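The values are calculated or read from the model by the stated rules, or taken from the named source; none is laboratory data. Since this is a predicted model, take the numbers as computed values, not measurements. When we count neighbours, we look across all protein chains shown, and the Cβ atoms used for this are built from the backbone with ideal geometry, even at glycine. Side chains included, ligands, DNA and RNA excluded: accessible areas come from the protein's heavy atoms. Shrake-Rupley method; radii C 1.70, N 1.55, O 1.52, S 1.80 Å.
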Amino acid sequence: MYRIGVDLGGTNIAVGVIDDDNKIIGISKRKTNTPRPAKEIFDDINLCVADAVEAAGLKIEDISSIGIGTPGSVDHETGMILYANNLDFYNVPAVDYVHEKFPDTKVYIDNDANCAALGEALAGCGKGKKSFIAVTLGTGVGGGIVLDGKLLVGCNDAGGEIGHMVIALDGEPCNCDRIGCWERYASATALVNQTKAAMLKNKESKMWELCEGNIEKAGGRTAFDGMRLGDECATEVCNTYMNYIAIGTANLVNIFQPELICFGGGICNEGETLLEPIRKLVAKYRYSKQQQKQTEFCRATLGNDAGIIGAALLEY
């Protein structure tokens with residue numbers, strides 16, 4: 001049998017059919033076109049499901065389950081999206097909306113970061129690992145924890161919000177109403193803010209040349225490109241940023257001691273330029289310094305397919 005994964009985002013809806021080897025064999029995409037009523041969005045999701053099945057050369061009877069990955073918080077038992085701020089969703093009966101169109105197919109739902117983590121754990125870089133954590137460095141810091149092939153979601157389906165552990169008690173305010181959350185320091189958004197702040201303090205930095213004199217052109221690559229040019233200001237930004245990543249990562253290592261932690265998000269295109277310093281810093285910070293076996297670190301491998309594949313692999 002085949003499975004379907006739905007990756008619902010604030011910009012795009014992507015739906016894929018996967019086979020027994022966890023390969024995508026049919027795909028369909030549409031714009032989410034927010035803001036609009038949730039029912040309209042799920043009508044488009046259902047159309048994408050039908051289109052993806054057709055693209056795979058199958059019939060809906062060939063599909064064993066449909067999994068939905070969504071931003072925000074969910075309730076597995078009711079199939080509700082409790083809250084998703086970028087979609088303006090409150091208590092949306094997502095599973096029911098899909099069941100209305102496909103009543104004979106099992107439907108599951110989970111947070112999109114959890115789905116991406118499950119995809120990497122079962123079909124990507126974490127395949128074969130019993131304990132695995134995925135960290136996504138994007139607009140915020142997202143992630144998921146997979147133990148023995150199952151997502152760790154907690155008693156209320158809200159587990160795995162790793163971006164909201166505090167690493168600076170008197171730090172920057174976070175939109176979750178706490179102070180000093182990891183994502184305020186280790187996200188790609190944070191890196192851009194740190195880069196701009198450093199540029200304003202150092203008008204001689206080569207980062208100004210990279211941005212053609214316009215600070216608004218500073219992005220996630222600017223500091224790393226400046227570091228490669230030997231710019232001291234850019235190098236300091238990168239070192240500080242990687243230290244922030246390492247602090248939170250060491251916390252994850254100390255709590256879970258997973259076999260593997262993978263990092264995803266556009267900033268991870270820096271590859272070993274990013275990962276090798278993080279490895280060295282975590283080795284310095286972790287509690288388990290004397291243990292022979294230690295957590296490994298790598299880049300995520302599935303890219304944008306992780307969410308689709310992970311959602312397709314949901315089951316409870």
Check: DSSP H helices in the chain with Cα extent of 27 Å or more along the helix axis and mean Kyte-Doolittle hydropathy at least 0.0?
Finding: 232-256
Note to self: For Ala50, project a label point 7 Å along Cα to C-beta. Then give me every residue of the range 97-113 with its amide nitrogen under 14 Å of that point.
What the structure shows: 98-103
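Using a simple charge model, +1 on the beta-carbon of Lys and Arg, -1 on the beta-carbon of Asp and Glu, nothing else, what dipole does the chain show about its Cα centre, in debye to the nearest 20? Walk me through the numbers on the way to the answer.
Values: 30 positive and 42 negative charges, 204 e Å.
Value, rounded to 20: 980 debye.
Applying a 10 Å radius around every beta-carbon, put 40-48, 213-221 in order of their mean neighbour count, most first.
Working: 40-48: 18.6, 213-221: 14.1.
Taking the mean over residues of other Cβ atoms within 10 Å, the ranking is 40-48, 213-221.
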Notebook entry, point to check: Can you pull the three principal axis extents for the Cα set of the range 64-172, in Å, largest first?
Noted result: 48, 36, 25
Next item on the list: Using the Cα centre as the reference, give the magnitude of the dipole from point charges on the C-beta atoms of the range 192-316 (Lys, Arg: +1; Asp, Glu: -1; all else neutral), rounded to the nearest 20 debye.
Entry: 440 debye
Check: Measuring from a point 7 Å past the Cα of Cys176 along Cα-to-C-beta, which residues in the range 114-139 have an amide N at less than 20 Å?
Finding: 114-118, 132-139
Notebook entry, point to check: Measuring with a 1.4 Å probe in the full set of protein chains, what accessible area per residue, in whole Å², belongs to the chain?
Noted result: 48 Å²
Note to self: Based on alpha-carbon centroids, what's the gap between the range 16-93 and the range 258-309 in Å, whole number please?
What the structure shows: 29 Å
Item checked: the range 220-316: projected area of the alpha-carbon convex hull, averaged over directions, in nm² -> 7.7 nm²
Check: Mind listing the Cα extents of the chain along all three principal axes, in Å, largest one first?
Finding: 62, 48, 36
Note to self: Tell me the Rg and the Dmax, in Å, that the Cα atoms of the range 1-81 produce.
What the structure shows: 12.6, 36
Next item on the list: Cross-chain or 8 or more residues apart, Cα under 14 Å: how many lysine pairs in the range 179-316 fit that? Count them up, please.
Entry: 4
Item checked: Separation in nanometres of the label points that stand 7 Å from Cα toward Cβ, at Ser64 and Glu100 -> 2.9 nm
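Between Ile255 and Ala197, take the C-beta separation as r, use R0 = 41 Å, and let me know the FRET efficiency to the nearest 0.05.
After rounding to 0.05, the efficiency reads 0.85.
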Margin query: Can you show me the helix-derived [θ] at 222 nm for the chain, built from DSSP H runs with n ≥ 4 at -39,500 (n - 2.57) apiece and divided by the number of residues, rounded to the nearest 500.
Written below: -11000 deg cm²/dmol
